[in-house]
Amino acid sequence: MQLMGWGRFPRTEGQVSTPRTEAEIAALIAGGPLIARGMGRAYGDAAIGAHALSTARMNHMLDFDPETGQLVAEAGVTLKDIIAAFLPRGWFLSVTPGTQFVSLGGAIASDVHGKNHHTEGSFGTFVDWFDLMGADGIVRRCARDRNADLFHWTLGGMGLTGVILRAAIRLKKVQSGWIRQTSIAAPNLQAALDAFEATYSATYSMAWIDCAATGDRMGRSLVMNGEHATLDQLPPAKRANPFAARGHLSPRVPVDFPGIALNRWSIRAFNELYYHKGRLSTGTGLIGWEPFFYPLDAIRDWNRIYGRRGFMQFQCVVPLETKAEGLTQILRAISASGSGSFLAVLKRFGPQESRLSFPMEGYTLALDFPVNTRSLALMPMLDAITAGHGGRFYLAKDSRISAETLRRTDPRWAEFARMRQDTGLKAAFTSAQSERLGT
Amino acid sequence: MKPTLLILGATSDMAQACAQKYAAEGYDLQLAARDPEALAAEAQDLRLRHRVEVSTHTFDVLDTAGFAAFLEALHVLPDTVLCAVGFMGDQPASQANPEAAAVVMRSNYEGPALILGALAERMEARGHGTIIGISSVAGDRGRASNYVYGSAKAGFTAFLSGLRNRLAKKGVHVMTVKPGFVATRMTEGLPLNPRLTAQPAEVATAIWNAQKHHRNTLYVKPIWLAVMTVIRLLPEALFKRTSL
């Protein structure tokens with residue numbers, strides 16, 4: 001069958017197996033190279049290939065300790081499942097990406113980050129251990145003090161160290177499902193960067209950035225900060241049922257939009273509206289966890305907005321020292337090209353020491369491009385700017401950087417590839433992405 | 001007190017989806033299968049997610065002699081029973097080997113009918129209950145490709161129909177479910193038309209809604225009613241020459 005990621009580009013012909021037991025997984029691994037696949041929400045080619053092992057039916061929750069907040073669950077359990085089960089009991093994910101439709105295994109393999117990266121770190125920070133089945137079919141428990149190398153290679157290792165079977169993660173105690181959100185309108189890039197630095201202590205922060213604006217307004221943004229609302233911050237009506245904060249039920253994108261729907265004018269008009277609507281509603285207010293953390297989840301199948309050919313996401317991080325120059329050059333290149341996306345996101349990362357994970361201290365920029373010749377011409381220019389400023393790329397989003405670009409920007413992967421070669425992992429676990437990038 | 005659902009054949013994908021749905025709606029669960037160890041993770045998952053009581057029980061649909069003991073061991077007579085037991089077998093094998101055919105017939109008709117019959121007695125005596133049997137569109141008309149399985153399901157469908165008729169005034173509701181194609185372990189790798197194929201969770205939601213509305217027969221995807229009506233209405237002289 002045809003396999004693809006969330007961006008629906010690229011697509012490969014591949015087989016999908018859906019095992020129910022460990023023994024079945026071991027037999028599949030013995031049968032030749034494969035890649036584990038969770039919810040298929042990696043944007044590019046990280047979880048596609050000739051043979052994908054779906055964890056959809058390995059999705060049991062196994063244990064929960066209400067003293068420590070430690071949840072043990074199988075890799076196919078989704079973040080949505082976890083919130084649905086535990087938010088009503090006063091627990092939330094310690095780190096969540098911008099969608100709840102990802103699996104636990106995928107979150108570990110991509111070492112995903114969220115709006116609290118600068119204060120609390122990436123998803124891996126809250127992983128106590130996981131069980132990993134290797135090329136030999138043997139299950140190893142990996143933790144910081146046990147099979148530590150394997151533990152660190154697996155966080156952000158894109159599923160290339162084996163199949164994650166189950167994991168223990170720590171949840172965070174919260175008093176409500178509400179977030180106190182503060183938004184700040186920043187008229188240009190420098191103002192946005194200043195706002196991030198001035199509000200660094202906020203638990204959650206991110207910005208929507210207008211990638212179509214030019215001149216004095218280049219990089220204008222709405223910077224959003226948030227804190228979990230405590231009980232005494234809720235009005236009495238909400239306090240009675242503090243976890244019942246829900247978003248609206250979602251419309252679904254019914255068909256692929258024609259390619260023409262997304263053009264420089266519609267993008268510019270959308271961004272204009274979005275900025276001014278946001279500018280008028282700056283200040284602090286209560287917002288439910290769903291619209292705060294998962295605004296795009298509210299539009300099911302939003303990936304169809306970019307048309308039948310799909311889209312690519314560009315997500316890079318540039319270090320603190322070169323942030324202003326690097327981001328300015330990227331934004332200039334994008335606005336000059338007339339390409340761009342409805343929603344682009346800017347976020348401050350905190351420091352992170354890790355074997356393979358994407359985040360480093362600096363600023364990350366994420367935006368979508370429809371698959372067309374103009375985007376395909378623009379994106380290598382953005383790669384070059386990123387590389388020239390000491391930045392690197394997020395493989396969970398990537399579908400098209402070159403092996404050479406990865407080698408230049410992120411030498412950690414060359415060491416990883418050697419390790420995979422030496423330990424037999426390379427022959428057992430391959431994805432379309434690992435073959436493209438030589439990882 | 002929470003209502004209780006007994007699921008027979010609880011390891012199947014459809015059964016597990018129903019367990020999740022009913023637990024989410026506040027039911028305690030009795031999960032029964034040949035190998036209750038295979039239910040341990042599922043049971044624990046249901047307890048953690050939904051904070052309901054879940055017990056597991058050994059139940060072998062071919063062991064009809066053991067049915068009485070199985071029912072005795074249930075600590076509480078369930079409010080609703082769902083029979084998800086089914087075994088497709090292999091049609092050529094069933095044609096060639098009477099023992100293989102008998103296993104298919106006994107798994108899909110004899111066992112399910114007898115255990116639901118026994119539960120019906122107890123529910124009738126109590127004065128209320130719901131019996132849900134998962135039958136199959138394959139029982140709507142015998143076809144060359146799977147008539148051994150289909151005939152057993154036809155028998156099961158007829159049994160449920162009669163049971164429903166008998167208990168209609170006794171407070172016990174009987175519902176027949178014909179899922180059509182479902183994306184389960186049984187159908188993995190088959191090139192199924194996605195428009196005719198339901199996900200297990202879709203089946204579970206459809207069963208839940210149908211039970212709430214006291215439906216008698218449920219085709220999970222309505223298109224299957226149309227498809228099977230056409231197949232049923234084809235004149236035999238024509239039908240016997242088709243390969244459906």
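The values are calculated or read from the model by the stated rules, or taken from the named source; none is laboratory data. Please read all numbers here as calculations on a predicted model, not as lab measurements. Positions of Cβ are backbone-derived with ideal geometry, glycine not excepted, and every protein chain shown enters the neighbour counts.
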Can you tell me which residue among B:A23, B:A19, B:A33 is more than 12 Å from every other protein chain (Cβ to nearest Cβ) and crowded, with 21+ Cβ neighbours inside 10 Å? B:A33
Out of A:G340, A:G390, I need the residue that is surrounded by fewer than 23 Cβ atoms within 10 Å (Cβ to Cβ) and at positive phi. Which one? A:G390
Of these, A:L87, A:L132, which one is among the hydrophobic types (A, V, I, L, M, F, W, C) and either at positive phi or away from every other protein chain (no Cβ under 14 Å) (or both)? A:L132
For A:L62, state whether it is in contact with a helix residue (DSSP H, G or I) (Cβ under 8 Å, 6 or more places away or on another chain), at pLDDT 95 or above and either surrounded by fewer than 18 Cβ atoms within 10 Å (Cβ to Cβ) or among the charged types (D, E, K, R) (or both). yes
Please specify each residue of segment B:41-60 satisfying the condition of being more than 14 Å from chain A (Cβ to nearest Cβ), touching a strand residue (DSSP E or B) at 6+ places or on another chain (Cβ under 7 Å) and part of a loop (DSSP other than H, G, I, E, B). B:E53, B:F59
Counting just the residues of segment A:41-58 that are touching a helix residue (DSSP H, G or I) at 6+ places or on another chain (Cβ under 9 Å) and surrounded by fewer than 21 Cβ atoms within 10 Å (Cβ to Cβ), which one comes out nearest to the other protein chains (Cβ to nearest Cβ)? A:R57
So if I check each of A:A366, A:A396, A:A387, which one is free of Cβ contacts under 8 Å to residues at least 40 places away in the same chain, under 21 Å from the mean Cα position of the chain (by Cα) and either in the same structural domain as A:S205 (by TED's automatic domain parsing) or assigned to a loop (DSSP other than H, G, I, E, B) (or both)? A:A387
Out of all the residues in segment A:151-163, is one or more without any contact (Cβ under 8 Å) to a residue 24 or more places away in the chain and outside the structural domain of A:R348 (by TED's automatic domain parsing)? yes
Right, B:R185: surrounded by 14 or more Cβ atoms within 10 Å (Cβ to Cβ), touching a helix residue (DSSP H, G or I) at 6+ places or on another chain (Cβ under 9 Å) and within 14 Å of chain A (Cβ to nearest Cβ) or not? yes
So, B:A10, is that one closer than 24 Å to B:V103 by Cβ, in contact (Cβ under 8 Å) with a residue 60 or more places away in the chain and either in a loop (DSSP other than H, G, I, E, B) or of a type in the set (D, E) (or both) or not? yes
For segment A:117-130, which residues satisfy the criterion of being within 13 Å of the chain's Cα centre (by Cα) and part of a loop (DSSP other than H, G, I, E, B)? A:S122
With the condition kept exactly as written, say whether any residue in segment A:80-98 is assigned to a helix (DSSP H, G or I), within 30 Å of A:P370 (Cα to Cα), out of contact with any Leu (no Cβ under 6 Å at 6 or more places or on another chain) and not hydroxyl-bearing (S, T, Y). yes
Taking the residues in segment B:161-182 that are over 20 Å from B:E110 (Cβ atoms) and crowded, with 21+ Cβ neighbours inside 10 Å as candidates, determine which candidate is farthest from the other protein chains (Cβ to nearest Cβ). B:V172
Return yes or no: is B:A38 under 14 Å from the mean Cα position of the chain (by Cα) and either more than 14 Å from chain A (Cβ to nearest Cβ) or surrounded by fewer than 19 Cβ atoms within 10 Å (Cβ to Cβ) (or both)? no
Find the residue count for segment A:30-43, including only residues that are among the small types (G, A, S) and within 15 Å of A:T99 (Cβ to Cβ). 3
Could you figure out which of (1) among the aliphatic types (A, V, I, L, M); (2) more than 14 Å from every other protein chain (Cβ to nearest Cβ); (3) under 17 Å from B:I7 (Cα atoms) isn't true of B:A158? (3)
The lone exception for A:F101 - which of (1) farther than 14 Å from A:K172 by Cβ; (2) touching a residue at least 60 places away in the same chain (Cβ under 8 Å); (3) crowded, with 24+ Cβ neighbours inside 10 Å it fails: (3)
Scan segment B:200-244 for residues that are of a type in the set (G, A, S) and either loosely packed, with under 10 Cβ neighbours inside 10 Å or over 14 Å from B:K178 (Cα atoms) (or both) and jot them down. B:A201, B:A237, B:S243
Which one of these is aliphatic (A, V, I, L, M), closer than 30 Å to A:W91 by Cβ and under 21 Å from the mean Cα position of the chain (by Cα): B:V81, B:V54, B:V61? B:V54
Reported set for segment A:146-183 where residues are on the phi < 0 side of the Ramachandran plot, assigned to a loop (DSSP other than H, G, I, E, B) and in contact with a strand residue (DSSP E or B) (Cβ under 9 Å, 6 or more places away or on another chain) is A:L155, A:L160, A:T161, A:V174, A:Q175, A:S176, A:G177
Could you check segment A:90-104 and list, in sequence order, the residues that are of a type outside the set (F, W, Y) and either within 13 Å of chain B (Cβ to nearest Cβ) or under 22 Å from the mean Cα position of the chain (by Cα) (or both)? A:L93, A:S94, A:V95, A:T96, A:P97, A:G98, A:T99, A:Q100, A:V102, A:S103, A:L104
Matching residues in segment A:65-77 - criterion: being within 12 Å of another protein chain (Cβ to nearest Cβ) and either under 30 Å from A:R300 (Cβ atoms) or not in a strand (DSSP E or B) (or both): A:P66, A:L71, A:V72, A:A73, A:E74, A:G76, A:V77
Take the residues in segment A:327-363 that are of a type in the set (D, E, K, R) and touching a residue at least 60 places away in the same chain (Cβ under 8 Å); name whichever of them is farthest from A:N225 (Cα to Cα). A:R355
Six or more apart or on different chains, Cβ under 8 Å: which pairs go from a residue in segment A:273-290 that's of a type in the set (A, V, I, L, M, F, W, C) to one that's part of a helix (DSSP H, G or I)? Could you list them? A:L286/A:Q233; A:L286/A:K238; A:W289/A:I83; A:W289/A:L87
How many residues, within segment B:1-33, are within 21 Å of B:P179 (Cβ to Cβ) and either in contact with a Cys (Cβ under 7 Å, 6 or more places away or on another chain) or not hydroxyl-bearing (S, T, Y) (or both)? 22
